[in-house]
Amino acid sequence: MNNKKERKGLVIVNTGNGKGKTTAAVGTLFRSYGHGFRICVIQFIKAEEVKTGEFLAAQSLGIEWHYCGDGFVFESETAQNSAEIAREGWRLAKEKISDQKYDLVILDEFTYPLKFGWLDISEVIDWLKDNKPSTMHLVITGRNALPELIDYADLVTEMKEIKHPYREQKIPAQIGTDF
Ligand code: ATP
Ligand code: MG
């Protein structure tokens, strides 16, 4: 549509307590894939054993996908292991972002290592300001996006829970819609 000169790489943040943050990121991935974009996904927090539908689809399409998490639960905020894995994930993200090779990079659940202080928010944002290619879109998902991240982003959407089947009816996560 617009040529590379007119393109502006957006920083997109999907946050809030409602469902749809990762789903929306995957929607952007699908859209980008259709335009032949080179894509890289890095999933923080989640463990590799969880083969989600989006991962399986990406795999069959040959989309690059990395896991940088041990599937920790929210109570273990101080878990050293999770923190170290997340820092490793950020090193990988920096490598991919500065590579100049990608049109879209998705850092799924990246708000958590920032929120828990495993990574320094100012350092992360300063690094992105200096190194993110100007035409590359960057999508970051997760609850509790820090004010500094919101300030830096071009597009921020807050998913707001109105009704959720788990909350209302204790219906567990469903294949195809939740994973
Ligand atoms: P999704 O991956 O479905 O777009 P999300 O990225 O917005 O969800 P996460 O916090 O990453 O939200 O949630 C991961 C899992 O938790 C998914 O199975 C999702 O359906 C479920 N979930 C999301 N929001 C809620 C909620 N408000 N109440 C209960 N479960 C939720
Ligand atoms: Mg998510």
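Close amide H partners of Ile140, meaning residues 5 or more places away or on another chain with modelled amide H under 5 Å apart, are Ile12, Val13, Asn14, Leu107. Residues whose amide H falls under 5 Å from that of Leu146, counting only those 5 or more places apart or on a different chain, are absent, with hydrogens built in the peptide plane.
When the helices of the chain are scored as -39500 (n - 2.57) per DSSP H run of n ≥ 4 and the total is divided over every residue, the value at 222 nm lands at -11500 deg cm²/dmol.
In terms of distances greater than 32 angstrom between alpha carbons, the cross-link table entries Lys51/Lys160; Lys8/Lys163; Lys46/Lys132 yield Lys8/Lys163. Across all Cα atoms of region 13-94, the radius of gyration (one decimal) and Dmax (whole number) stand at 13.7, 41 Å. Subtracting the Cα-Cα distance of Arg7 and Arg167 from 0.36 nm times their residue separation leaves 53.5 nm of extension gain. Taking θ as phi - 60° and the Karplus parameters 6.51, -1.76 and 1.60, the scalar couplings of region 37-50 work out to 5, 8, 10, 9, 10, 10, 9, 7, 6, 6, 8, 5, 5, 7 Hz in sequence order, x denoting glycine and proline.
Two-decimal Rg/Rh of region 8-159 from alpha-carbon positions, Kirkwood Rh? Radius of gyration relative to Kirkwood radius: 0.93. Along the positive direction of the dipole of region 8-159 (beta-carbon charges: Lys, Arg +1; Asp, Glu -1; about the Cα centre), which of Gly34, Leu92, Leu104 reaches farthest? Checking the options against the dipole of region 8-159, the answer is Gly34.
Between Gly18 and Met159, Lys160, Glu161, the built amide H atoms are under 5 Å apart, and every one of these is 5 or more places off in sequence or on another chain.
Here the Karplus curve 6.51 cos²θ - 1.76 cosθ + 1.60, taken at θ = phi - 60°, turns the phi angles of region 164-173 into couplings of 9, x, 6, 5, 6, 10, 6, 7, x, 3 Hz, with x standing for Gly and Pro. Each of Glu148 and Phe37 was given a label point 7 Å from its Cα along the Cα-to-Cβ line. The distance between the two points is 2.6 nm. The charge dipole of the chain, taken about its Cα centre with unit charges on the Cβ of Lys, Arg, Asp and Glu (plus for the first two, minus for the last two), comes to roughly 680 debye. In region 54-140, the convex hull through the Cα atoms has an average projected area of 5.9 nm², a quarter of its surface area. When peptides 27-38, 96-107 are ranked by their average number of other Cβ atoms within 10 Å per residue, the highest-first order is 96-107, 27-38. In region 8-159, Cα pairs under 8 Å separated by at least six residues give a relative contact order of 43 percent.
Coordinate-derived values only; no laboratory data. The structure displayed is predicted, hence computed values, not measured ones. Ideal geometry is used to build each Cβ from the backbone, glycine not excepted, and the neighbour counts take in all protein chains shown.
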